[in-house]
Every structure is written in structure tokens, then in C-alpha cells.
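The values are calculated or read from the model by the stated rules, or taken from the named source; none is laboratory data. Since this is a predicted model, take the numbers as computed values, not measurements. Every residue, glycine as well, gets a Cβ built from its backbone with ideal geometry; the counts of neighbours run over all protein chains shown.
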Amino acid sequence: MSSLKSLTHLKISSCENLTCLPNNMGSLKSLTHLEIQFCKNLKCLPNNMGSLKSLTHLEISYCENLTCLPNNLGFLKSLTYLEISNCQNFTGLPNNLGSLKSLTYLEISNCQNFTGLPNNLGSLKSLTHLKISNCQNLTCLPNNMGSLKSLTHLDISYYENLTCLPNSMGSLKSLTHLKISKCQNLTCLPNNMGSLKSLTHLDISYCENLTCLPNSMGSLKSLTHLKISKCQNLTCLPNNMGSLKSLTHLDISYYENLTCLPNSIGSLKSLTHLKISKCQNLTCLPNNMGSLKSLTHLDISYCENLTCLPNSIGSLKSLTHLKISNCQNLTCLPNNMGSLKSLTHLDISYYENLTCLPNSMGSLKSLTHLKISKCQNLTCLPNNMGSLKSLTHLDISYCENLTCLPNSMGSLKSLTHLKISKCQNLTCLPNNMGSLKSLTHLDISYCENLTCLPNSMSSLKSLTYLKISNCQNLTCLPNNMGSLKSLTYLKISNCENLTYLPNNMGSLKSLTHLTIKYCPSLVDDSFALECLTSLKEIEVTGCDQWIRNWSEDAITRICSVEESSWILICNKDDDIDLLSRWLRKKIEYSTKISQTLIINGHHANKYCYYGGRYQLIICCFEQEKLPEELVHVQDLKFMYIKNCPNLSCLPDGMKKPQFLKIENCPMLEKYCEEICYEYDGYN
């Protein structure tokens, strides 16, 4: 290696039998980056490593048997980055670590036998980032940590045996980011934490035995982000939290024993984001929450014993996003919610005991997104919903006792996306739905008692996406659906009682994607499928009778689809006839299979199969032979034949696909072996 005088970067990886490195590595005078990883039998590094005068980056990872670094490591005067990770038997750093005057980044992580940092750690005057993570045998940190005058980022994580932090931490005057996480036996934090005058981000998480926070925290005048999470034995927050004048983000999560929040929270004048989540014993919020004049985002979730929200919430004039979720004992929302003039996003979810929404909601003039979900006892929506003039997205889901929607919905002139799902007792939709002139996406799913759709839907001139799914009692679609001139995507699935599609659906000239699945009662073939001139992709599954009634022109149209077609037949009787018809039209059109046809004796989903084009998939085929038309098919890239016990051969002269897979077809497999016809099978 001594001849590699100009070498600057060296990476040694996955050399499992390497036990040592050559002694002449020290002669690599130009080397700046050295990375050693996945050398599990490497036990030591050369003693002359200190001669690598240009080395700036040293990274050692996944070297399980490496126990230590050479003592002359302190001579690496140019070293700025040192990372030791996932070296299970690594026990410690050299005592002269403090001599690394240029070191700015030090990380020791996932080294289970690492027992301690050298006392001269405090001599690393240039160190800005220190991460010590998942070193389970580490019980304490050096007392002189406070001497790290340049340290800006400190991450102490996954220390089961760490019980306390050194008081000298209060001297880290440059520290901006502090993360203390997964220190299960940590019982307290230094009292002088308030001396961290530059601290902007503080994350205290998963410290299960931490019982209190120091009052000095109120002195963290630069703190902007505070996250306190998963500290199960923490029962209260400091009363002087309101002194955190720079705080913009506060996240209080997973506090099972937290019963109340300090009133001083109302003094957090800079606070923009507040999240209160998984505080099961929290029964109320401070009455002065309305004083948070800068608050834009409020998330209150999974607070099971919270019974009411303070009326002062209506005073949050800057609030744009409000999420109230999984507060099962919350029975009502503040009547003055309509005063939230800046509110754009409102999410009300998982409220079993919520029976109604305040009428003042109609005054939310800036609201663009409204989600109402999992409110099982909600029976109606406010009549003045139509006053939400800015609303663009409305999602009403899992409201089992909702029986009707207000007629005023037709006045939502800005609405572009409407989703109505899992409203089992909803029997009809407003007749004036056609007034939603801006609506582009409509999803109606799992409304089992919905029997018909309003005829006014044909007036939705901007509608591009329509999904109607799992409406079991829906018997028909609006007769004038062909008027939806902008519709490009139509999906109708699992509507068991749907018997026909409107004749004028052939007028959907913009339709590019059509999916009709599992509508077994669909029989009428008067829908002129061949008139869909823009169609690029079609999937038809579980509609056997309808497919069998297709005209020759309809099959011709399907064969000319540009991108892909999935036609799944689940009736075994006439498989051979349908496949022959389809192949004949395909051959007439281009002699190429540019889509996918599935012939299947059992119900299946297209996603069970391989994606892509140029495919023919045949499953549970009852006949002994495939159609002779296959001989004329070109460019068949993928052919998958599965569960066809009677199929005994392939058509004579058929061109072999690029990829042929045969599964559970014993007679066909034997035939292919006899004629030396290569295929991929399952063993």
C-alpha cells in the first residue's frame, strides 16, 4: 500500500476473513477518508494510524470483533469526523482522544460493550456534534462535558443504565439541539438546564422513570421546539412554561399520568404548533388557550378522558389547522367554533359520543378541507354547510347513523373533492348535487342502503374521477351519465344489484380508464362500449354475463385499448369460446397482445398477477386445449398458466413467449418436458 501515495479515499467493506490491516497504511499521506465496514473478523487497526496526517473522516461500522482503536489516534490532527457504530465488542476510545483538536463530529452508536468516554472528552474544543446511542453498558457521562464550548448538537439515546446527566451540561453555551431518548432509568434532569441559553430544540422521549422536569426550563429563552413524549411517570409540567417566549412548537404525547396542563401555557405568545396526544388522564385544557394568538396548528388526539374543550378556542384567530381525534368522551364542540376565521383544515374523527356539530361551523369562511370520520352517533350535519364558500375537500366517512346530507351542500361552489364512505344508513344524496360546478372527484363507497343516485349528477361538468363502490342496494345509475363530458376515470365495483349501465355512457368521450368489478347482476349490453374512443385502460372482473353479451364491436374496441386491459372471466362453461373471440379480434387488430386477458375459473384480483403489458394469464381453465388462434399472436412477452388440470398441450406452431410460467398443470408440464419446451415452474 505504500505505493499509493496519491490515494485520498479508501473503503474496505465486507471482507469477512480480514483480521488485520497492513502496517504500512500509515504511509498513505494523502488519505482523507477511510471507511471500514462489515469486516466482522477485524480485531485491531494498525498502530501507525496516527501517521495519516491528512485524514479527515474515519468511519468504522459492523466490525463485530474490533475492541479498541490504537493509542496514537490522538495524532490525527486533521480528523474532523469520527464514527464508530455497530461494533458490538468495542469497549472504549483512546485516552488521548482530547488531542483531536479538529474533531467536529463524534458518534458512538450500537456498541453494546462500550463502557465509557474518556475524561479528556472536554478537551475537544472544536466538537459541534456528539451522538452517543444504544451503548447499553454506559452508565455515566464525563463530568467535564460542559467544557465542550463549541457543541451545538447532543444526542443521548437508548441508555438503559444511565441514571443521571452531569451538572456541567449547563455550561454548554453553544448547544442548540438536545435529544434525550430511551433512557429508561433516567430519573431527573440537571437543575441548571435553564443555563442552556442557545438551546432551540429539546426532545425528551421514552424516559419512563423521569418524574419531573426542572423549573429552570422556563429560562430557556431561545427554545423554539419542545417535544416531551412517552415519559409515563411524568405527572406535571413546570408551572413557568409560559416563560418560554420563543417557543413555536410544543408536542406533549403519551403521558398516561398527566392530568392537567399549566395555566401559564396561555402565555406562549410565539407558539404556532401545539400537539396534545395520548394523554389518557387529561380531563381538561387551560381556559386561557384562546390567548395563544400565534397558534396556527392544534392537534388534540387520543385524550380519552377529555370531556370538553374550552370556549376560548374560538379566540384563536390565527388557527388554520384543527384536528380533534379519538377523544371518546368528548360530547360536543364549542359553539363559537365559527369564530375561527383563519381555519382552513378541520379534522373531526373517532368521536363515538358526538351527536351533532355546532351550527356556527357555517361561518368558517376560510375552511378548505373538512373531514368528519368515525362519529358513529352523529345523525345529521349542520343545515348551513352550504355557507362554506371556500370548501374544496369534504370527507364524510364511517358515520353509521347519518341518514341524510343537508340540501345546502349544493351551494358548495368551490368543492372539488367529495368522499362519502361507510355511511351505512344513508339512503339518498341531495337532489341538487349537480350544482357542485367545481367538483372533479367523487367517491361514494360502502353506503349499503343507498338505492339510487340523483339525476342531477349529470350536471357535474367538471367531474373527472367517479368511484362507486360497495353500494350493495344500488340498482341503477343516472340515465344521463353520458353528459359527464370531463370524466376520465370511472370505477364501479361490488354493486351486487346493479343490473345495467345507462345507454348514453358511450358518450363519455374523455373517459380513459374504466373499471367495473364484481357486479354479478349486470347483464344489459346496451351500453355502447365501442364508442369510448379515448379509452386507454379497462378492467372488468366478476361480470361474466355482461361480458358474454358484448358485441363484436365492443370486443374490437377493447382489443384496441392503448395501454392495458384486464378482462377476468369467472365462469368455466364458455371459456374457450370467449378466448377465441377475443384472440380473433386481437389478431385482426394488430396480431399483438398489448394488454392482459385473464381467463379464470375462480374469482381473483388482478393484483395477484404480474403487472405490465403483453400478457396472457389463464387460470382454472377447464378445457383440454387452448384456441388455435394463439399461433398467430406476436409479441407475447408473458404467459402464465395456472391450475388447469385438463390442459394437456399448447397449440402447434405457437411462438414461445419470452417468459412462460406454468403452475399446477401436471399434464401440460409433462407435455412441455417431453418436447423439451422450457418453462418456469414451481417446485
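Is it the case that segment 407-418 has a residue that's modelled with pLDDT of 95 or more, over 18 Å from Val540 (Cα atoms) and assigned to a strand (DSSP E or B)?
yes
For (1) acidic (Asp, Glu); (2) touching a strand residue (DSSP E or B) at 6+ places or on another chain (Cβ under 8 Å); (3) under 24 Å from Pro214 (Cα atoms); (4) modelled with pLDDT of 95 or more, each residue gets a yes or a no:
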position: Thr235; (1), (2), (3), (4): no, no, yes, no
position: Asn239; (1), (2), (3), (4): no, no, yes, no
position: Leu268; (1), (2), (3), (4): no, yes, yes, yes
position: His273; (1), (2), (3), (4): no, yes, yes, yes
position: Leu282; (1), (2), (3), (4): no, yes, yes, no
position: Pro286; (1), (2), (3), (4): no, no, yes, no
position: Leu306; (1), (2), (3), (4): no, yes, no, no
position: Leu322; (1), (2), (3), (4): no, yes, no, yes
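If I ask for residues that are in contact with a Cys (Cβ under 7 Å, 6 or more places away or on another chain) and under 13 Å from Gly116 (Cβ atoms), which ones from segment 126-167 would you list?
If the condition is that a residue be in contact with a Cys (Cβ under 7 Å, 6 or more places away or on another chain) and under 13 Å from Gly116 (Cβ atoms), then Cys135, Tyr159, Leu162 are the ones that fit.
Restricting attention to segment 46-60, does a residue exist that is among the hydrophobic types (A, V, I, L, M, F, W, C) and assigned to a helix (DSSP H, G or I)?
yes
If I filter segment 419-432 down to residues being under 19 Å from Asp347 (Cα atoms) and part of a loop (DSSP other than H, G, I, E, B), which single residue comes out as farthest from the chain's Cα centre (by Cα)?
Cys423
For the condition more than 41 Å from the chain's Cα centre (by Cα) and closer than 30 Å to Thr19 by Cα, what is the one hit in Asn134, Asn96, Asn113, Asn143?
Testing whether each residue is more than 41 Å from the chain's Cα centre (by Cα) and closer than 30 Å to Thr19 by Cα leaves just Asn96.
Give Asn47, Asn95 a once-over and let me know the one that is touching a helix residue (DSSP H, G or I) at 6+ places or on another chain (Cβ under 8 Å), in the same structural domain as Ser13 (by TED's automatic domain parsing), surrounded by fewer than 16 Cβ atoms within 10 Å (Cβ to Cβ) and touching a residue at least 12 places away in the same chain (Cβ under 8 Å).
The conditions single out Asn47.
Here's the yes/no breakdown for (1) assigned to a strand (DSSP E or B); (2) of a type in the set (Gly, Ala, Ser); (3) within 22 Å of Pro166 (Cα to Cα):
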site	(1), (2), (3)
Asn65	no, no, no
Gly74	no, yes, no
Ile84	yes, no, no
Cys87	no, no, no
Phe90	no, no, no
Lys101	no, no, no
Leu106	yes, no, yes
Asn120	no, no, yes
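Could you please let me know if Leu31 is under 18 Å from Leu66 (Cβ atoms), at pLDDT 90 or above and surrounded by 15 or more Cβ atoms within 10 Å (Cβ to Cβ)?
So Leu31 does not fit the description; no.
Taking the condition of being in a loop (DSSP other than H, G, I, E, B) and of a type in the set (Ser, Thr, Tyr), how many residues in segment 442-462 meet it?
Count: 3.
From Leu202, Leu213, grab the single residue that is under 37 Å from the mean Cα position of the chain (by Cα), in a strand (DSSP E or B) and in contact (Cβ under 8 Å) with a residue 24 or more places away in the chain.
Unique residue meeting the criteria: Leu202.
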